[in-house]
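The values are calculated or read from the model by the stated rules, or taken from the named source; none is laboratory data. Here the structure is a predicted model, which is why all the values come from computation and not from measurement. Glycine also receives a Cβ, built like all others from the backbone with ideal geometry; neighbour counts cover every protein chain displayed. Please note that ligands, DNA and RNA were not included when accessible areas were found on the heavy atoms of the full protein model with its side chains. Shrake-Rupley method; radii C 1.70, N 1.55, O 1.52, S 1.80 Å.
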Amino acid sequence: MKLAYYPGCVAQESGKELDLATRWVCRALDIELVDFPNFSCCGSGFIDEANEVLNVALNARNLAIAERAGLDVLTICSTCQGMLSLANLRLGDARVKARVDGALKPIGIEYRGTTKVKHLLQVLVQDVGLAAIRAKVRRPLRGLKIGAFYGCHLLRPADEMQFESGEEPRSFEDLLDALGATPVYYRGRVMCCGFPIQFVKPGTATGIAGRQIDDAKAHGAEAMATPCPLCHLSLDTYQNQAAKSVGHALDMPVFHLPQVVGLAFGATPEELGLPRHLVPTDAVVARIGPTTPA
Amino acid sequence: MAGTTVSATFEVYRFDPKKDASPRYQRHTLELAPHTTVLTALLRIRGEIDPSLALRYSCRSSICGSCAMQVNSKSRLACETQIGPELERHGRIVLEPMRNQAVLRDLVVDQAPFWHHYAKIEPHLILDPRRPMPAGKENPMSPEEVERFKETPRCIACAACFSACPAVEADPGFPGPMALAKLYRYVVDPRDAAHQDRLLAIQPGGLWTCLRCHLCTEACPKDIRPSERIRDLKEMAIRVQGATELGSRHAVGFKANLRDRGLLNEMKLVRQTSGLFGMLGQLGQGIRVARKKPEILSRPRRIEGLDEVERIYAALDTDGGDAK
């Protein structure tokens, strides 16, 4: 499998561990990632609020870059996935397409709409398949109770994202099960992490994050895992502030999606960038059993 | 399938705050056809087993919007939710009152906060004197003008979106999806004179608390898509008034930020939104994060083909919003 790799901004900057883990897992699964140094930021939902057509045009340019190479796009962020998919969808509207073409054609960019946008979770569950994932597991996450935290834009609006139920998804839990872990079902798993208003209403935002972590904990989760680096910022990087907002310690290790896969495949914490997390993951990782030789 | 029934287990939330110390769940198992609606099942439970069960309903046809409740944690109209798919997914049906509104009894909530926010947006036409009502006629609109309402006039005010909204849960001052979708309807109404005032009035504490999580759009039984209309309101507010709120400053700042290098400059964004003073307030957190993630202190690389990005901005960001 060969895909145009769209890491998004955070995985190239403060969330570098996500990029590291993605590359490790894709190597293990023989997924070839093609880098495009000309991809721009997806606008993260904010440019969409300020100027919808501009946002669509910027992402049409990103999609056209992959299109020229004849590749589908791999995202590793729920928000990137949402914004790129939404551009594909909105360009189905002839009026939007005309305005976007008017900006792209003079600079020699043609958007045709032939490229699919897939999040790593989709690729793992739908294209690689759970059986193939199971076959790669060398260090099952046996006994580890993990709460998946999806991130809104990977799922919703469900009729537009065309992935799975917007309120009752199960792909991540199925994946955790294939890795040997025990998935924890809790209401907060499909809720918002608060990140979109982190800079606007910090106290409200971190309160929302704290509520979801509390919910996961109340249902028995010892760790959480997310396919979105923005959720990871809310749940891990700002967890100290979330704890302040809910008024008690949270101490919840939070993994990026490819980190849980990598751990089960036998990668070391260093190879997955785990020491970069704000909330230490070592105690949870230490509880995973030994690696069986390949 | 006609004739076949399934054994359906319901766990119904029961609570009378005047008498009970805490809620309990009452379990009932009924033999029902899979296409039975939750409301039909509840009426059988009340009619045949326990007449003390309190619930709200009227039309039974998803028109009146009275019977919204949580069905297996999703905000739904009981009258249009069939039991079959719920049983397949969950093996049982847990029925609870809507969220974000206090329970009066069992499945009935106090909708005062929901109506309070609705009343505040002044949900009636404030006629534009420059477009007077023609004598003896309705005030006509062209089909193109009507199209701008999108799906919003279909709203039945069931409050399912209000129940599903995490921003309402975290901040009771946030008007919620329905009030904002209704507001949109008046803002784009060509007969209404107050759209600028309406946008101005809603912004402080209103618009920019929306998390764009789209849970309201999933919950809405009429496909009003409140989250998408709130997005429209945000863009209109920026175009009409410029970036006057922290929220709009963040959106406009993000737009300017990306233009520099093609990728987000995280540190600069904090400065753009919060200002230098706000940045100082986050100094401790910044140092803490930078110890593990030193990249936050450096600028991102400049993407290749940045000139293309620049030309897209030049073509499509002419009325910007940065200025008015």
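For the range B:50-64, residues that are touching a residue at least 40 places away in the same chain (Cβ under 8 Å), open to solvent by 10 Å² or more (accessible area, probe 1.4 Å) and closer than 13 Å to B:Leu39 by Cα total 4.
Looking at B:Arg239, B:Arg231, just one residue is basic (Lys, Arg), within 30 Å of B:Arg154 (Cβ to Cβ) and modelled with pLDDT under 95, and that residue is B:Arg239. For the range B:185-200, the count of residues that are under 28 Å from B:Met69 (Cβ atoms) and more than 14 Å from chain A (Cβ to nearest Cβ) is at least one.
Counting just the residues of the range B:294-314 that are open to solvent by less than 30 Å² (accessible area, probe 1.4 Å) and within 14 Å of A:Asn62 (Cα to Cα), which one comes out farthest from the other protein chains (Cβ to nearest Cβ)? The extreme case among them is B:Leu306.
There is at least one residue in the range A:198-218 that is open to solvent by less than 20 Å² (accessible area, probe 1.4 Å), within 11 Å of chain B (Cβ to nearest Cβ), modelled with pLDDT under 95 and under 19 Å from the mean Cα position of the chain (by Cα).
The residue that is most open to solvent (accessible area, probe 1.4 Å), among those in the range B:242-266 that are touching a residue at least 40 places away in the same chain (Cβ under 8 Å) and in a loop (DSSP other than H, G, I, E, B), is B:Thr244. Counting the residues of the range B:195-212 that are part of a loop (DSSP other than H, G, I, E, B) and open to solvent by less than 10 Å² (accessible area, probe 1.4 Å) gives 3. Only residues that are touching a strand residue (DSSP E or B) at 6+ places or on another chain (Cβ under 6 Å) and surrounded by 16 or more Cβ atoms within 10 Å (Cβ to Cβ) were counted in the range B:106-125, giving 3.
Selection within the range B:160-207: residues that are more than 15 Å from the chain's Cα centre (by Cα) and among the polar types (S, T, N, Q). The member of this set that is farthest from B:Ala219 (Cα to Cα) is B:Gln196. Residues that are open to solvent by 30 Å² or more (accessible area, probe 1.4 Å) and under 18 Å from the mean Cα position of the chain (by Cα) were ranked within the range A:149-162; the one that is farthest from A:Gly289 (Cα to Cα) is A:Glu160. Can you tell me which residue in the range A:132-148 is surrounded by the fewest Cβ atoms within 10 Å (Cβ to Cβ), limited to those that are in a helix (DSSP H, G or I) and touching a residue at least 24 places away in the same chain (Cβ under 8 Å)? Top of the filtered list is A:Ala132.
Looking at A:Gly166, is it more than 11 Å from chain B (Cβ to nearest Cβ), in contact with a Lys or Arg (Cβ under 8 Å, 6 or more places away or on another chain) and not polar (S, T, N, Q)? No. Listed conditions (1) more than 9 Å from every other protein chain (Cβ to nearest Cβ); (2) at positive phi are all met by A:Lys2, apart from (2).
Count of the range A:66-120 residues, restricted to those that are of a type outside the set (Asp, Glu), open to solvent by less than 60 Å² (accessible area, probe 1.4 Å) and assigned to a helix (DSSP H, G or I), is 21.
Taking the residues in the range B:201-212 that are hydrophobic (A, V, I, L, M, F, W, C) and at the interface with chain A (Cβ under 10 Å from one of its Cβ atoms) as candidates, determine which candidate is farthest from A:Cys192 (Cα to Cα). Selected residue: B:Leu207. If you filter the range A:34-52 down to residues that are surrounded by fewer than 17 Cβ atoms within 10 Å (Cβ to Cβ) and in contact (Cβ under 8 Å) with a residue 24 or more places away in the chain, you find that the one that is farthest from the other protein chains (Cβ to nearest Cβ) is A:Val34.
Of the residues A:Val56, A:Val25, the single one that is open to solvent by less than 10 Å² (accessible area, probe 1.4 Å), in a helix (DSSP H, G or I) and under 25 Å from A:Asp127 (Cβ atoms) is A:Val25. Here the range B:213-224 is the region considered, the condition is being within 7 Å of chain A (Cβ to nearest Cβ) and in a loop (DSSP other than H, G, I, E, B), and the residue that is farthest from the chain's Cα centre (by Cα) is B:Cys213. In this structure, B:Pro175 does satisfy being more than 8 Å from chain A (Cβ to nearest Cβ) and outside any helix (DSSP H, G or I).
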